[in-house]
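Below: the structure, in structure tokens.
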Amino acid sequence: MSKQEIATGGEDYSTQRLSQRYRFSDPNMDLFFLGALGWAPAGGISAGEAFQVATMIEDGNADSWANAFEGQGETLIAQADQWISRGETRAAGETRLRAFTCFRLAWQFISPGDRFLFLFRRSQQLFDLAMDELGLPSERFEVPYGGSVLPGHFFRASDPASPTMLVIGGADTCHEDRFLSQGRYYIDRGYHVALVDLPGQGATAADGLFWEPETEKPVGAVLDFLLANCGVDFSRLALLGMSLGGYFAARAAAEEPRLAAVIATPVLSKPVELFMAAVGAHSNPSQAAERNMDVLMWKCGTQDLSSLASKWQDKHADPAKVRMPFLSVLGTQEGGVWQKQTRNWSQGVTSPGSQLLVLGPETGADAHCQGNNPLRLAQEVHAWLGAIFAAR
């Protein structure tokens, strides 16, 4: 029995996102290494490159992680430039997208500051250049919000009548990496795709925007923008939220009636339970864990998890208020908090077409947010949405 189970009288309040080890003993490094492998089919670095970079990383050492991925990113930039000099624009774009992946991974365990922002901005530049070289229909946009902006990308489908997928990540993500985890799969399936950073995501904290419990407000601003500037048909608009984005999605589903369908993997309806369970969950944290926590506290605008829990004490999403179809997705490697809240939410949502999808080890998609097999998530969501939209 874990320390958290003992403290709660036997009930599992674990916050884990993986229950098995893939490459690193440090759970934070292992999660994002697995994520890097999962991004490969959508154009991220190959498994061979990822494992080669891993040989230069000391388990738990954040600096070695950042240096190794940044170095590989520079190598790939040089290769992309060589492809351009030979007139091979597509090869350059494919290589440049892998360079983006490396710079995106490099900032994962860097504390907020100049180096974090350098690596982050470099990754953004590489992403946009890769989109141009690959000829993908990418439009960078900014949604005015809270005295700053919410950055994003819109990928326009060739058929104006196509459905739209709005993808929102979680605590550790930026909207560009959602292209690799989910966005590209929906582009390939003919959707309009919108990727966006809500307050506290990406680097928006540098502009004074932090996580907001009332997510329907920034989501509403994004919807206003998509309607006015992209011609999105709200009757065929789906929102997919991942990780902490599972709360953002659940809250939006309960409070923003313009969404036609919502998916969350997993569902987080009461974030305070996750924050409280994480307080003191790990003793003797690694450098990577400490750096990751530094970034999360910066993004949420508080000093520690206890302060965050107090700030979000009464904030939740109400499943009884959901009126659109809702797909709750749960990988069986998720910890007790994620398991409990996803199942409870699914039981509380009664809107027609709503379902609970549980993905076990036989699917290879049982890790947090299906990071070990993101394609399976896209397949399941696409099939579910096909049935939902066909019934209208």
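Summed over the stretch 37-75, the residues that are farther than 18 Å from Ala289 by Cβ and either acidic (Asp, Glu) or in contact (Cβ under 8 Å) with a residue 40 or more places away in the chain (or both) give a count of 14.
Only one of (1) at pLDDT below 95; (2) in a strand (DSSP E or B) is not met by Ala238, so which one is it? Only one criterion is unmet by Ala238, namely (1). Cβ separations smaller than 7 Å between residues 6+ apart or across chains give the following pairs from the stretch 14-26 residues that are in contact (Cβ under 8 Å) with a residue 60 or more places away in the chain and buried (at least 20 other Cβ atoms within 10 Å of the Cβ) to residues that are of a type in the set (Asp, Glu) and assigned to a loop (DSSP other than H, G, I, E, B): Arg17/Glu334; Asp26/Asp59.
Taking the conditions exactly as written (in a loop (DSSP other than H, G, I, E, B) and polar (S, T, N, Q)), does Asn229 satisfy them or not? So Asn229 fails the test. For the stretch 50-68, the criterion of being in contact with an Asp or Glu (Cβ under 6 Å, 6 or more places away or on another chain), over 30 Å from Asp188 (Cβ atoms) and among the acidic types (Asp, Glu) is satisfied by at least one residue. Selection of the stretch 341-368 for residues being surrounded by 23 or more Cβ atoms within 10 Å (Cβ to Cβ) and part of a helix (DSSP H, G or I) yields Gln341, Thr342, Trp345, His368.
Results for (1) out of contact with any strand residue (DSSP E or B) (no Cβ under 8 Å at 6 or more places or on another chain); (2) assigned by TED's automatic domain parsing to the domain that holds Phe109; (3) surrounded by fewer than 19 Cβ atoms within 10 Å (Cβ to Cβ); (4) free of Cβ contacts under 8 Å to residues at least 12 places away in the same chain, shown as yes or no for each residue.
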| position | (1), (2), (3), (4) |
| --- | --- |
| Thr215 | yes, no, no, no |
| Cys230 | no, no, yes, no |
| Asp233 | no, no, yes, no |
| Ala289 | yes, no, yes, no |
| Asn292 | yes, no, no, no |
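Inspect all residues belonging to the stretch 84-103 and state whether any of them is basic (Lys, Arg), under 22 Å from Leu240 (Cβ atoms) and either crowded, with 16+ Cβ neighbours inside 10 Å or touching a strand residue (DSSP E or B) at 6+ places or on another chain (Cβ under 7 Å) (or both).
Taking every residue of the stretch 84-103 in turn, none turns out to be basic (Lys, Arg), under 22 Å from Leu240 (Cβ atoms) and either crowded, with 16+ Cβ neighbours inside 10 Å or touching a strand residue (DSSP E or B) at 6+ places or on another chain (Cβ under 7 Å) (or both).
Just one of (1) under 19 Å from the mean Cα position of the chain (by Cα); (2) crowded, with 24+ Cβ neighbours inside 10 Å fails for Phe120. It is (2). Filter the stretch 154-190 down to residues that are under 19 Å from Leu227 (Cα atoms) and polar (S, T, N, Q) and give me whichever is surrounded by the most Cβ atoms within 10 Å (Cβ to Cβ). Restricting to residues being under 19 Å from Leu227 (Cα atoms) and polar (S, T, N, Q), the top hit is Thr164.
Residues are listed down the side, and each one gets a yes or a no for (1) in contact with a strand residue (DSSP E or B) (Cβ under 6 Å, 6 or more places away or on another chain); (2) at pLDDT below 95; (3) within 21 Å of Ala260 (Cβ to Cβ); (4) part of a strand (DSSP E or B):
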| residue | (1), (2), (3), (4) |
| --- | --- |
| Arg122 | no, no, no, no |
| Gln125 | no, no, no, no |
| Glu133 | no, no, no, no |
| Leu136 | no, no, no, no |
| Arg140 | yes, no, no, yes |
| Val143 | yes, no, yes, yes |
| Phe154 | yes, no, yes, yes |
| Ser162 | yes, no, yes, no |
| Ala171 | no, yes, no, no |
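Out of Ala91, Ala106, Ala68, report the one residue that is more than 21 Å from Ser286 (Cα to Cα) and part of a helix (DSSP H, G or I).
Only one candidate passes the filter, namely Ala91.
With respect to the conditions (1) basic (Lys, Arg); (2) more than 30 Å from Ala161 (Cα to Cα); (3) touching an Asp or Glu at 6+ places or on another chain (Cβ under 8 Å); (4) part of a helix (DSSP H, G or I), Arg251 lacks only one, and its number is (2). Candidates are the residues of the stretch 306-340 that are part of a helix (DSSP H, G or I) and basic (Lys, Arg); the one that is surrounded by the fewest Cβ atoms within 10 Å (Cβ to Cβ) is Lys321.
The values are calculated or read from the model by the stated rules, or taken from the named source; none is laboratory data. Here the structure is a predicted model, which means the values were calculated and not measured. Don't worry about glycine lacking a Cβ; one is built from the backbone with ideal geometry, like all the others, and counts go over all protein chains shown.
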